[in-house]
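Structure, as structure tokens:
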Amino acid sequence: MKTPDNWEDPTPVPIVTSCKQAARLVSMSFERRLTVRETLSMRIHLMMCKTCTFYGRQITALRTIFSRHEEVLSNTPASDDEKLSDQAKQRIKCFLSKH
Amino acid sequence: MGMKNKNTLYPSTLSDPETWVEQHGDYLFRYAMMRLRNKEFAENMVQETFLAALKGKKSFSGRSTERTWMVGILKHKIIDHYRKDFRERPVTDLQNLQFEEEQTVDQFYDAMENPRKYPKDWMPDQQAVLSSKEFWVVLHGCMDKLPKTTSSAFAMRELDDMDTPEICKELGISSTNLWVMLHRARLQLRECLERNWFEKK
């Protein structure tokens with residue numbers, strides 16, 4: 001089995017990184033605190049690279065959207081396919097009545 | 001005033017279980033669908049939740065609403081479901097999965113090299129997006145394209161806001177496994193949303 005790119009590679013990331021590495025650092029920054037070196041190389045890359053900056057903004061926006069999904073559940077009416085069907089309701093009621 | 005309101009807001013007794021399905025069924029179903037993306041599983045989870053609530057009536061403390069209490073039960077049921085799903089996979093399968101995920105990640109980067117596919121500067125008007133029904137339809141469509149295990153891990157992280165060590169412990173996977181999955185999910189979702197939502201707006 002080929003060893004996948006190592007995420008926990010102890011060798012420090014280069015200060016000048018590729019987009020691939022930078023995008024990974026952005027994603028990683030959601031999961032754990034980046035080392036000083038990682039933060040620095042991410043920042044330097046983002047300063048120079050519009051593509052990765054947009055990428056970072058997009059996945060940050062995605063996070064916010066997901067974190068607020070319960071508001072959506074409470075505040076927007078469910079469409080029919082997001083509701084329990086009448087059959088399912090009947091079935092569940094019947095099931096519960098036996099307990 | 002505060003006390004009185006609190007008491008009416010959180011009655012310490014539960015409502016009649018016969019009314020539960022009508023009162024909470026749709027909400028719980030929608031909640032489950034968001035995470036499971038499978039009607040049959042979601043219906044099943046709702047049923048299991050009501051059953052657990054019925055059997056555990058005494059554990060209701062009245063410190064939250066009846067619905068919040070049920071959502072808590074449902075959340076645990078869904079995590080159990082994910083756990084079973086992961087545990088039933090052979091280890092080699094997970095290694096393969098990670099390998100595939102790495103390759104997919106590479107494909108997404110390759111796609112980004114193409115100037116026409118550079119990520120665009122979309123800063124969604126979050127309020128508008130959140131209340132847009134069509135947006136959620138597109139987003140769900142995009143989530144459905146993720147491998148099931150990836151979308152489960154992603155749901156635990158982003159919808160349930162569990163932290164990485166907690167998810168790894170529940171699913172019995174390494175943090176590297178998880179990081180790759182989450183990274184891939186983000187890459188794929190942003191690409192899918194850009195193509196199917198933002199470019200069309």
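Is the protein assembly as shown best put as rounded, prolate or oblate by its Cα gyration tensor, with a ≥ b ≥ c the root eigenvalues, rounded for a/c under 1.5, and otherwise prolate when a/b is larger than b/c, oblate when not? Prolate, because a/c is 1.5 or more and a/b exceeds b/c. Counting only residues at least eight positions apart within a chain, or on another chain, the aspartates and glutamates with an alpha carbon under 15 Å from that of A:K89 are A:D80, A:D81, B:E18, B:E22, B:D26, B:E40, B:E43, B:E48. Taking chain B, the Cys residues with no second Cys beta-carbon under 4.7 angstrom are B:C168.
Since only B:H140, B:P119, B:N177 are under comparison, the one whose Cα sits farthest along the positive direction of the charge dipole of chain B, derived from C-beta charges on Lys, Arg, Asp and Glu, is B:H140.
For the protein assembly as shown, what is the calculated [θ] at 222 nm in deg cm²/dmol (nearest 500), taking -39500 (n - 2.57) for each run of four or more DSSP H residues and dividing by its residue count?
Only helices count here, giving -21500 deg cm²/dmol.
For chain B, hydrophobic long helices are taken as DSSP H runs at least 27 Å long by C-alpha position along their axis with mean Kyte-Doolittle hydropathy of -1.0 or more; these are B:66-87, B:91-113, B:175-196. Could you pull out every Cys in chain A that lacks a partner Cys with its beta carbon under 4.7 Å away? If one checks each Cβ against the other cysteines of chain A, A:C19, A:C94 turn up with nothing under 4.7 Å. According to the square roots a ≥ b ≥ c of the eigenvalues of the Cα gyration tensor, what is the shape class of chain A, taking rounded for a/c under 1.5, prolate for a/b larger than b/c otherwise, and oblate for the remainder? It comes out prolate by the Cα gyration axes. For region B:90-200, what does the alpha-carbon gyration tensor say about shape, rounded, prolate or oblate, given a ≥ b ≥ c as the root eigenvalues, a/c under 1.5 as rounded, and a/b over b/c as prolate? The shape class here is oblate. Since only B:W69, B:L14, B:G25 are under comparison, the one whose Cα sits farthest along the positive direction of the charge dipole of region B:2-86, derived from C-beta charges on Lys, Arg, Asp and Glu, is B:W69. With 0.36 nm allotted per residue and the present C-alpha distance subtracted, the B:S174-B:Q127 stretch has 13.3 nm of extension available. When the pairs A:K20/A:K83; B:K75/B:K145; B:K58/B:K133 are compared against a 32 Å limit on Cα-Cα distance, A:K20/A:K83; B:K58/B:K133 fall above it.
We did not get these values from a lab; they are worked out from the coordinates using the rules stated. As the structure is a computational prediction, the values presented were derived from the model and not from experiment. Note: ideal-geometry Cβ built from the backbone for every residue, glycine included; neighbour counts use all protein chains shown.
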